[in-house]
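The values are calculated or read from the model by the stated rules, or taken from the named source; none is laboratory data. None of these values were measured; they are calculated from a predicted model. Here Cβ is always computed from backbone atoms with ideal geometry, including for glycine, and neighbour counts include all displayed protein chains.
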Amino acid sequence: MTTADAFDRRTLLRRSAMLSAGLLIGPTALDLALVANAAELPTGAAPFVDSYRTNVPANQTPETNAAVRILCGMHDFWRTGSSWDNGVVLNRDVLTANVRHVARITRARTADQAKRAFIVDRQHQSYAAIGGLGPLAEAYRAGAKAVTGITEAPDGTPPSTVDDKLPPDAPAGSALGAGSPDSALGQVVTLVNTVRGPFASGNPSKFAYQYPRPWRLSPDSTVSPTGATDEFGYPVYRTDVVVAPQLLRQRSTKPAEDGGYPSGHTNALHLACLALAYAIPERFQELVTRAFDLADLRITAGMHSPADVIGGRILATALAAATLADPQNAALKAAARTQANEYFRQHAGTDLFEYAHSADLATDPYADREANARLVAPLLTYNLPKTGKRIPMTVPKGAEVLLETRQPYLTANQRREVLRTTALPSGHALLDGPEHWGRLNLFAAADGFGAFDADVRVDMDSNRGGFHAADTWHNAIGGRGGLVKRGTGTLTLAGANTYTGDTRVEGGTLVAASPSALGRGDVHVRAGTLRLADAVRVRGYRQSSGTTLAATARRDCAVLTSARPIFLSGGTLELTLGDVRVGAVLPVLAAPALLGRFAQITVAGGAHRVQGCYGPGGLSVRVLA
């Protein structure tokens, strides 16, 4: 411990004691607690993205450190004491649930889970993040020259502390963590290292909040008394939390320097995953899932509580956004994205997105999107008791940069709206702090808008490739607005949508991949193609000349059913036929009335010809040959 660090910690403890005694006046941590549940910043405080460089060891108060400030949702539940062991529980329901969750998980932990927790604890977090790349992981490790010395865990307590080191057989130029800056992926490595740079530590906040590790806490979240020391000379606390045996030697004998909130490993894991997700957005959602998955192992290990892990995620989300939004890093982040795109396209030999999702669960633990969603959902809040507060969501300044490469076809304001409409509701423990970084749900945001509260215009460009050319929105989109699809790319709507505004196709292709994909409004195809991947219901339908309605004909129902009359002004109906017999009649359109006709009806692949059978209530086709 340096002299400067010792001074900072003594200063913090002295300030905490004075706060508890009411001897400090002016804007203190307790004053700032009054705004902990509002998006507004205290008077004179700059947004986090403009002040993240204040997160250094010398600054350990909300007044001086932007990181400490955005984490002060904790002030609703815990008040820092004059010493590490005399903090005050302010919300017993929440903090009791917090500790008991750890006790329940650690007591049910299997030997394999303990070993996995050991690897994540001891392995460099930037290396651990690479596992979220799935089929791209091995190519990344080779291109970045990334290695680790932690590949397996002992069955019991190791004889000494185990640290990640270069393995003796590592190729020349290899490096721990994200890899070597002097590699084929050096710009990506540098981006990860920059996001995890000198302003990215959780330690100043640990010193500020002094919330103990769970193995020092009783079931009601007060500091547990110590019993005798164990065989390693560590104090034994009377607690229900069980530290994984492989990590027993990692416990600190200096609790004042070893706070739990926020979790440093969680912060580092999310930072590394978000940096990789910016450079390699084809695996964005999987990398976000990886961060949640590995961070949860801090609880499995018995080293952190849900509150600690949530705090680490909040801090990392804000730090990643601030670093990526920093003008000084603009050239680096662009170079990293370009380098990753070119490198992996050479290895893919096909569409990069398809290659990035080409593995199954046997080789890619994050291959199942629905399974990823189920993994992430409970870890967003850990189901800690809610506070019942209702606060409108305000997206933090600069947060939209986190989606910059994942949704490049949207404007910055549209990406902010994606973040707002997919954010968690208010009232969850710890999430309602200043700027609302904790309420951002990046997993959901990767699936597009959660609501159209006004008309959304999307302009895609297939010539630019990647997500400019094609993307899928899986969310169930609500709201009173509608959608206007423009450009040349393909947008797929796959959610159970309830938005009530109109849907207009004015260029490119819009794919409806669920029965309610097109919402509850009218649909007008003015230019381009509407493709129906499922039987779809709409309020009204109109198609202009020069456009295409593409669908797979079904025996059991019309591919498009409208509650209002359908208007056709020409255009093309392009049908895909399955295994059908000659003479079969297949329903296509159903409506109270059908006005107009298609200019032509074609069959994809040319295996059959069909004849349109127009009637007052719709259209069917007869298979001719």
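Miscellaneous remarks
- Residue match in segment 205-228 (condition: in a helix (DSSP H, G or I), modelled with pLDDT of 95 or more, of a type in the set (Lys, Arg) and out of contact with any His (no Cβ under 7 Å at 6 or more places or on another chain)): yes
- Selected residue (criterion: nearest to residue 177 (Cα to Cα)) from residues of segment 134-162 that are charged (D, E, K, R) and in a helix (DSSP H, G or I): 141
- In this structure, residue 478 qualifies as touching a residue at least 12 places away in the same chain (Cβ under 8 Å) and either more than 21 Å from residue 540 (Cα to Cα) or surrounded by 20 or more Cβ atoms within 10 Å (Cβ to Cβ) (or both).
- Segment 402-425, subset out of contact with any Gly (no Cβ under 9 Å at 6 or more places or on another chain) and among the polar types (S, T, N, Q), residue farthest from residue 383 (Cα to Cα): 411
- Restricting 446, 469 to those that are under 28 Å from residue 375 (Cα atoms), under 23 Å from the mean Cα position of the chain (by Cα), modelled with pLDDT of 95 or more and surrounded by 19 or more Cβ atoms within 10 Å (Cβ to Cβ) reduces the list to 446.
- Just so you know, in segment 384-395 the residues that are free of Cβ contacts under 8 Å to residues at least 60 places away in the same chain and under 20 Å from residue 97 (Cβ atoms) include one that is surrounded by the fewest Cβ atoms within 10 Å (Cβ to Cβ), and it is 388.
- From the options 607, 625, 550, 584, residue that is closer than 24 Å to residue 514 by Cα and not charged (D, E, K, R): 550
- Members of segment 135-144 that are crowded, with 22+ Cβ neighbours inside 10 Å and among the small types (Gly, Ala, Ser): 143, 144
- Verdict on residue 190 being of a type in the set (Val, Ile, Thr), in contact with a Pro (Cβ under 6 Å, 6 or more places away or on another chain) and either over 30 Å from residue 384 (Cβ atoms) or assigned to a helix (DSSP H, G or I) (or both): yes
- Any chance residue 90 is touching a strand residue (DSSP E or B) at 6+ places or on another chain (Cβ under 8 Å), within 22 Å of residue 311 (Cβ to Cβ) and surrounded by fewer than 19 Cβ atoms within 10 Å (Cβ to Cβ): yes
- Residue match in segment 339-352 (condition: more than 29 Å from residue 97 (Cα to Cα) and crowded, with 24+ Cβ neighbours inside 10 Å): yes
- Number of residues in segment 106-119 that are surrounded by 22 or more Cβ atoms within 10 Å (Cβ to Cβ) and within 22 Å of residue 166 (Cβ to Cβ) equals 1.
- Per-region count, segment 222-235, residues within 24 Å of residue 78 (Cβ to Cβ) and either free of Cβ contacts under 8 Å to residues at least 12 places away in the same chain or among the small types (Gly, Ala, Ser) (or both): 1
- Some residue of segment 496-503 being on the phi > 0 side of the Ramachandran plot, surrounded by fewer than 20 Cβ atoms within 10 Å (Cβ to Cβ), assigned to a loop (DSSP other than H, G, I, E, B) and not acidic (Asp, Glu): no
- Taking segment 147-191 as the range and being within 22 Å of residue 118 (Cα to Cα), among the polar types (S, T, N, Q) and either surrounded by fewer than 21 Cβ atoms within 10 Å (Cβ to Cβ) or at pLDDT below 95 (or both) as the test, the residues that pass are 151, 157, 160, 161.
- Restricting attention to segment 387-413 and to residues that are within 17 Å of the chain's Cα centre (by Cα) and of a type in the set (S, T, N, Q), the residue that is nearest to residue 454 (Cα to Cα) turns out to be 407.
- Boolean, residue 485 is basic (Lys, Arg) and crowded, with 24+ Cβ neighbours inside 10 Å: yes
- Contacts under 9 angstrom Cβ, first residue in segment 175-202 being at positive phi, partner modelled with pLDDT of 95 or more and hydroxyl-bearing (Ser, Thr, Tyr), 6 or more apart: 177/126; 177/127; 177/148; 179/126; 179/127; 179/140
- Identity of the residue in segment 561-606, more than 15 Å from residue 543 (Cβ to Cβ) and of a type in the set (D, E, K, R), that ends up surrounded by the most Cβ atoms within 10 Å (Cβ to Cβ): 581
- The single condition among (1) in contact with a Pro (Cβ under 8 Å, 6 or more places away or on another chain); (2) of a type in the set (Asp, Glu); (3) closer than 30 Å to residue 351 by Cβ that residue 85 does not satisfy is (3).
- Scanning segment 522-548 for residues that are polar (S, T, N, Q) and assigned to a strand (DSSP E or B), we see that the one that is surrounded by the most Cβ atoms within 10 Å (Cβ to Cβ) is 543.
- Test for residue 491: is it of a type in the set (A, V, I, L, M) and more than 12 Å from residue 451 (Cβ to Cβ): yes
- All of (1) small (Gly, Ala, Ser); (2) at pLDDT below 95; (3) surrounded by fewer than 18 Cβ atoms within 10 Å (Cβ to Cβ) hold for residue 553 with one exception: (3).
- Residue match in segment 178-187 (condition: more than 18 Å from residue 280 (Cβ to Cβ), of a type outside the set (Asp, Glu) and out of contact with any Lys or Arg (no Cβ under 7 Å at 6 or more places or on another chain)): no
- Checking the stated criteria, residue 379 turns out not to satisfy the condition of being buried (at least 20 other Cβ atoms within 10 Å of the Cβ) and under 27 Å from residue 464 (Cα atoms).
- Any hit, segment 192-210, residues being polar (S, T, N, Q), closer than 30 Å to residue 89 by Cα and crowded, with 21+ Cβ neighbours inside 10 Å: yes
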